[in-house]
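Working notes, structure below.
Laboratory data are not the source of any read-out in this text; all were calculated from the coordinates shown. This is a predicted model, so every value here is computed, not measured. No Cβ is skipped: glycine too gets one built from the backbone with ideal geometry, and neighbour counts run over all protein chains shown.
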Ligand SMILES: *Cc1c(COP(=O)(O)O)cnc(C)c1O
């Protein structure tokens, strides 16, 4: 048994809240005087929205960003009073509840503006006035007011603002992070959109464009606020071999489990479904109780590695729904020993990006998909 065996959990994602705090502080120092919106959508990329939100605010974030209203309501229900922006709404989104709950609304169409205006006028901390951030599509072709409708949208918003139904607190857009030239073209389109907003009589206090990638590498994209998601979690946004340490960031999540079974096998023995791998020589196999139900990508079968018994060792055979097998060679391993799938590479563990490479995806997806069967445990000051 190694020294970790005594306290290894069956399976857990350990979330280091001190790392969240440190990452936000690092990002804030780099982008100042722009402010940080910590993006905590999708349960804080799988890390746990409420604890991460508290730590991010403590680290200097002044805003929280989420995709949909239910995510915003979860923060409000937990007693978080910091400004929250939600930007992705279905046709039945409860804008009245959002206004009553003091949730800022990202607006991507004239129709949404109309519905928000209809929902305004009730009660709540804002006096029933909706606080909105108008989103212009500058080239991602996803969400946002299409450029050809922007002049009409800002004119309509100015009327609603004059009527006291809404307050246009922000104007924003989102980059495709394609390459420098494409980002600059979007930046120019954003500048045009801001000029049109101001010509319509709007005076938004917050202009925001950058997410983590541009915030770090493209100072002109920072405006008043940057929306930092992946950087908050200490994972590089680039997928080009840049490490967390290169960016001065610390990986927040460590995914680990304990060895559930150990067996010694002879040469020729096939492992897991379809026997895609066979032992070439006698070896020790360790069973890890995590599988694709827990978000471990099956695509990484036979490609990813874990930290076990002091070094990185390969996953062999197919990753199954609940479990996979590691070839431990001739190492001494015992049931209960700790296995680290990913964490801070400075501890010898693979990074989330290593898993992303093994599964042809991005670090974002690796942490965000960790399933509900894996308890999140928190270290660091809550
Ligand atoms: C998810 C998201 C972000 C955060 O992006 P990162 O690359 O994780 O920093 C920012 N803005 C919008 C609109 C998003 O949807």
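When the C-alpha atoms of the chain are aligned to their principal axes, what extent does each axis show, in angstrom, from largest down?
78, 43, 38
Between residue 118 and residue 243, what is the label-to-label distance in nm when each label sits 7 Å out along the Cα-to-Cβ direction?
The two pseudo-label positions are separated by 5.5 nm.
In the stretch 162-195, whose amide N lies under 14 Å from the spot 7 Å out along Cα-to-Cβ of residue 224? List them in ranges.
Inside the label zone: 167-173, 194-195.
Using only Cα atoms and rounding to the nearest 10 degrees, what angle (0 to 90) does helix 110-119 make with the longest principal axis of the chain?
80
Starting from the Cα of residue 192, step 7 Å toward the Cβ, then list every residue of the stretch 169-184 with an amide N under 14 Å from that point.
Hits in the stretch 169-184 for residue 192 at 14 Å: 184.
Can you order the peptides 202-214, 80-92 by their average number of other Cβ atoms within 10 Å per residue, highest first?
Descending mean neighbour count gives 202-214, 80-92.
Under a GNM of the chain (C-alpha, springs under 10 Å), which listed residue has the highest mean-square fluctuation: 364, 292, 273?
Fluctuation is largest for 273.
Suppose R0 equals 25 Å. What FRET efficiency, 1/(1 + (r/R0)^6) with r the Cβ-Cβ distance, do residue 205 and residue 70 give to the nearest 0.05?
According to the calculation, E is roughly 0.40.
How big is the C-alpha Rg of the stretch 289-346 next to the rule-of-thumb value 2.2 N^0.38 Å, as a ratio?
Taking N as the residue count of the stretch 289-346, the ratio is 1.07.
Pairing the Cα long axis of helix 17-31 with the longest principal axis of the chain, what angle in degrees results, from 0 to 90 and rounded to the nearest 10?
It is inclined by approximately 50 degrees.
With axes computed from alpha carbons, what is the tilt in degrees of helix 49-58 against the longest principal axis of the chain, rounded to the nearest 10 within 0 to 90?
Roughly 70 degrees between the two axes.
Please report the Cα spread of the stretch 280-382 along all three principal axes, rounded to whole Å, starting with the longest.
Rounded to whole Å, the extents work out to 44, 30, 25 Å.
Calculate how large, on average over all directions, the projected area of the Cα convex hull of the stretch 223-351 is; give the answer in nm² to one decimal.
Answer in nm², one decimal: 9.0.
Largest first and in whole Å, what are the equivalent-ellipsoid semi-axes of the stretch 62-231 based on the Cα gyration tensor, each being the root of 5 times an eigenvalue?
Over the Cα atoms of the stretch 62-231, the ellipsoid semi-axes are 25, 19, 13 Å.
Once the Cα atoms of the stretch 220-296 are picked out, what are the Rg and Dmax in Å?
Rg and Dmax of the stretch 220-296, Cα atoms, are 20.2, 63 Å.
Given 0.36 nm per residue, what is the gain on full extension from residue 141 to residue 369 after removing their alpha carbon distance, in nm?
79.6 nm
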